[in-house]
Structure formats: structure tokens, C-alpha cells
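Q: Take this structure first; my questions come after.
The values are calculated or read from the model by the stated rules, or taken from the named source; none is laboratory data. Because the structure is a prediction, the values reported are computed rather than measured. Cβ sites come from the backbone with ideal geometry, for glycine too, and all protein chains shown count toward neighbours. Side chains included, ligands, DNA and RNA excluded: accessible areas come from the protein's heavy atoms. Shrake-Rupley method; radii C 1.70, N 1.55, O 1.52, S 1.80 Å.
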Amino acid sequence: MRPQWSSLRDRLTTAIALGLAVVSWTAAAARDASVWALKAARDVTARLASNAETGLRESRRLLDGPVRTLLLGRRAVVSVLAGLLAAPLALGSAWWVDTNVGYDTLTELVAGTWYGTNPELGVFLAAAVLVGLGAVSAGLNSGLVPTSALVVAPIFGAALTRYGTTAPAYGGGTAVVSLPEAVASAAYVGLVLGVPIAVGGFLLGTALRRIGVVVTDIGGPSRPAEQA
């Protein structure tokens, strides 16, 4: 009986030792994996933070440089004045159309000019004035946003005269156009018609300004470096 008991004890001791070795190896592997995962997470976090900081720095540089000038203009005071001038332009346009033309007549004139069935010189002149207004704004201060505000405002005001007129209703018949409907319709018309005109005026004004700068540089006195 003693040899059997001794053999069983030896086997049990071996099994326990093997189990302890497996547990120890597993714990060490888990510890190493945890350390590696933590280090990898720190490296990824540091890299992401560095990339975010670099991207933020580049974004600020762009926004403070050409992108800011392109969108908001070179001088903030002029851009703010352009934005403030948009409201009087819209009100003045609405008053003039309502007093002298009327919304229905205005739509007939614009439609006849657009489709070529009854071209109206006044519509072409109004479009030319808006393009010129955008060109002047872009040439003096750049800034697509204030330029668009100046061009869209008169169109918005003219389209706002739809308020109080009668229009076909969805259920049949006619209905009086409410103020919210008129504002939404005027905003849509202002964006659809005004933004392309503003972009055209902006490009024209920018091109003229660059031509003026080139001509001025060519016609001006030579630089010291060129004289040497």
C-alpha cells in the first residue's frame, strides 16, 4: 500500500506543480499583454493628439490667412459694414418693387427675360448692377460672404413683395400668401438667383483687382533689388 500511496502523492505533487506553473505563465502572459496594450494605447493616443494639434494649427493658419480673406474679407470693419448695408438694400428693393412694379409684373418681366419670350432691358440692367456691386465689394475687400450678402439682399427684398398676394392653393382655388411663406420663398429665390450672381461678381472683382495690382507693379518704380 505504501508504494501506491507514494506514487499517488508524487503524481498529485507533479499535477499541482504543473498547475502552478500554468497559472504563473498565464499571469505573466496576461501582465505582459496588459503592459503592451497600455503602451500601444498611450502611443496611439499621443499620436492622435499630435495629429489633432497639427491639424488644428494648420486650420488656424489657413483661417487666419487666405481662407479667412476669401470668405470674410481682408478688413473686418468693411465686412461688417457690408453686412449691415444688406438690410437697407433689401428694404429699399422691396419698397421700390411694391411701389413701382408689383410682384406679379416683376415675375412676368423676369420670366420673359429668362426664357427670351419678352426680354426686358431693366432686368438686364438690374443684373448688371448686382454683378457690379459684387465686383466692387470683392475688389475693395474680397470676402465671398459679405459680397453674397450685398447681392442677395436686393433679390430677397424684391421677392418678399409676394407677401399679401394671392397664389394657387394646394387644395384648389387661391390663398393669400402669409408672411412666413413669403420669407421662405424670398430666401429661396435670393439664394438660387443671388449666389450665382454674387460668385460671378466676386470673380470679376478679384480678377480686376489682380490686374490692377500687376499693372501698378509694372508701371511703378523699380525695386532696390531690381536696380542693383
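Q: What pairs come out if I take residues in the range 92-105 that are over 14 Å from Gly122 (Cα atoms) and pair them with residues that are part of a loop (DSSP other than H, G, I, E, B) and open to solvent by less than 80 Å² (accessible area, probe 1.4 Å) whose C-beta lies under 6 Å away, six or more apart or interchain?
A: Within 6 Å, the pairs are Ala94/Thr161; Asp98/Thr161; Tyr103/Thr161; Tyr103/Arg162; Tyr103/Thr165.
Q: Within 15 Å of Ala86 (Cα to Cα), in contact with a Ser or Thr (Cβ under 9 Å, 6 or more places away or on another chain) and either exposed (fewer than 14 other Cβ atoms within 10 Å of the Cβ) or not aliphatic (A, V, I, L, M) (or both): is that true of Gly157 in this structure?
A: Yes: the conditions hold for Gly157.
Q: Kindly indicate whether Pro119 is in contact (Cβ under 8 Å) with a residue 60 or more places away in the chain and either crowded, with 16+ Cβ neighbours inside 10 Å or assigned to a loop (DSSP other than H, G, I, E, B) (or both).
A: no
Q: Residues to consider are Leu106, Leu48, Leu130; find the one that is assigned to a helix (DSSP H, G or I) and open to solvent by 60 Å² or more (accessible area, probe 1.4 Å).
A: Leu48
Q: Please tell me if Val176 is in contact with a strand residue (DSSP E or B) (Cβ under 9 Å, 6 or more places away or on another chain) and open to solvent by 60 Å² or more (accessible area, probe 1.4 Å).
A: Yes; evaluated as a whole, the condition is true for this residue.
Q: On to the next question. Picking from Ala82, Ala87, Ala138, which residue would you name as being closer than 24 Å to Val199 by Cα, open to solvent by 40 Å² or more (accessible area, probe 1.4 Å) and in contact (Cβ under 8 Å) with a residue 24 or more places away in the chain?
A: On inspection, the qualifying residue turns out to be Ala87.
Q: Return the residue satisfying two criteria in turn: it lies in the range 55-75 and is in a helix (DSSP H, G or I) and open to solvent by less than 60 Å² (accessible area, probe 1.4 Å), and of such residues it is modelled with the lowest pLDDT. It would help to see each step written out before you state the result.
A: To start, the set of residues in the range 55-75 that are in a helix (DSSP H, G or I) comprises 55-64, 66-72.
This time we only want the ones that are open to solvent by less than 60 Å² (accessible area, probe 1.4 Å), so: 55, 59, 67, 69.
Numbers: Gly55: 69, Ser59: 61, Val67: 76, Thr69: 82.
The selected residue is Ser59.
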